[in-house]
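One structure is given here, and the rest of the page talks about it.
The values are calculated or read from the model by the stated rules, or taken from the named source; none is laboratory data. As the structure is a computational prediction, the values presented were derived from the model and not from experiment. Please note: Cβ atoms are built from the backbone with ideal geometry, for glycine as well, and neighbour counts cover all protein chains shown. Ligands, DNA and RNA are stripped out before the accessible areas are found, and what is left, the full protein with its side chains, is counted by its heavy atoms. Shrake-Rupley method; radii C 1.70, N 1.55, O 1.52, S 1.80 Å.
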Amino acid sequence: MAVDPNAPITITAYDWVPDFARGLVRDLRVRWALEEAGLNYRVEYLPQGTQKMPAHRARQPFGQVPTFEEDDLTLFESGAIVLHIADRAPGLLPEGPHARARAAEWVFAALNTIEPHLSDWAVATIFEADQPWSEPRKPAIRERVDERLGELSSRLGDTEWLEGTFSAGDLMMIAVLQMVGGELADMFDRYPSLAAYRERGEARPAFQRALEAHHQGFTGKPPAGWGDA
Ligand SMILES: N[C@@H](CCC(=O)N[C@@H](CS)C(=O)NCC(=O)O)C(=O)O
């Protein structure tokens, strides 16, 4: 295990989230990058609500997780954190400036081209599911997700990783593809090479260690009033 209470790197995560969010909270991608890089880290667990308090907003202006702290460096945004980790450890960024730029390009594609549609889907089906506008929006969002996954699948083809060797770009893309579940899960039937790609990522020992540590972290209780009608 790379979780070590004396490690110089600290990340933040929640001590409790509802079941639907477990496996999806974005500390997972940071843990995965740290595991791939072989870097020990410790975790500061935030009880729900404290992410919006000044102490945490000082390191994450939007009151979210994850964050990354080491020495005098504090970072927020999972993409920036993963790229920072990748930059200092072999195995997540290939050799050579062009190859590195292409790996970074896929990190941004995951976060900026694929994830927003999956976030829209989560808003419509979970966070605002009870709002009258959500049900009518679902077909259009689903179509956009399908289009993007089809395009990604076409580019990936039968190759193992997006740019030949596993990189931070694959890590972020596969982390984002974790959001394709529930009513969207059938998309993987239409794009089997994408399903196999995600499975290849999930089979990596570093992913498995990160996922286990992610789940083990949920030792807190729901906030007062959670689940009340
Ligand atoms: N763009 C940010 C998004 C971070 C984010 O959405 N974090 C969620 C957990 S996965 C969160 O803390 N949400 C609480 C909130 O927004 O109040 C990143 O990639 O780090």
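Projected onto their three principal axes, the Cα atoms of segment 97-204 cover extents of 48, 27, 23 Å, largest first. Here the label points at Asn40 and Glu128, each 7 Å from Cα along the C-beta direction, are separated by 4.6 nm in the simple model. For segment 24-91, the set of chymotrypsin sites (Phe, Trp or Tyr not before Pro) satisfying both a DSSP loop assignment and a count of at most 15 other C-beta atoms within 10 Å is given as Phe62. Computed about its Cα centre, the charge dipole of the chain is approximately 220 debye, with only Lys, Arg, Asp and Glu carrying charge at their Cβ. In this simple spin-label approximation, Asp72 and Ala58 carry label points 7 Å from Cα along the Cα→Cβ vector, and these lie 1.6 nm apart. When the chain is described by a simple charge dipole with +1 on each Lys and Arg Cβ and -1 on each Asp and Glu Cβ, the residue from Leu83, Val145, Met173 located farthest towards its positive end is Leu83. What you get for segment 103-159, charging only the Cβ of Lys and Arg (+1) and of Asp and Glu (-1), is a dipole of about 40 debye around the Cα centre.
The listed peptides 195-206, 101-112, 123-134, ordered by packing as a protection proxy, come out as 101-112, 195-206, 123-134 (highest mean of other Cβ atoms within 10 Å first). Separation of segment 20-72 from segment 161-210 is 22 Å, based on Cα centroids.
Beta bridges assigned by DSSP with both partners in the chain are antiparallel in approximately 50 percent of cases. Between Glu44 and Ile11, Thr12, Ala13, the built amide H atoms are under 5 Å apart, and every one of these is 5 or more places off in sequence or on another chain. Estimated purely from DSSP H runs of n ≥ 4, each contributing -39500 (n - 2.57), the mean residue ellipticity at 222 nm for the chain is -13500 deg cm²/dmol once divided by its residues.
Ellipsoid fit via the Cα gyration tensor, the chain: semi-axes of 26, 26, 15 Å, each the root of five times an eigenvalue, largest first.
For segment 151-229, taking Cα atoms only, Rg and Dmax work out to 16.1, 50 Å respectively.
Expressed as a whole percent, the accessible surface of the chain that belongs to carbon and sulfur atoms is 53, based on a 1.4 Å probe.
Rolling a 1.4 Å probe over the protein heavy atoms gives the chain an accessible area of 50 Å² per residue.
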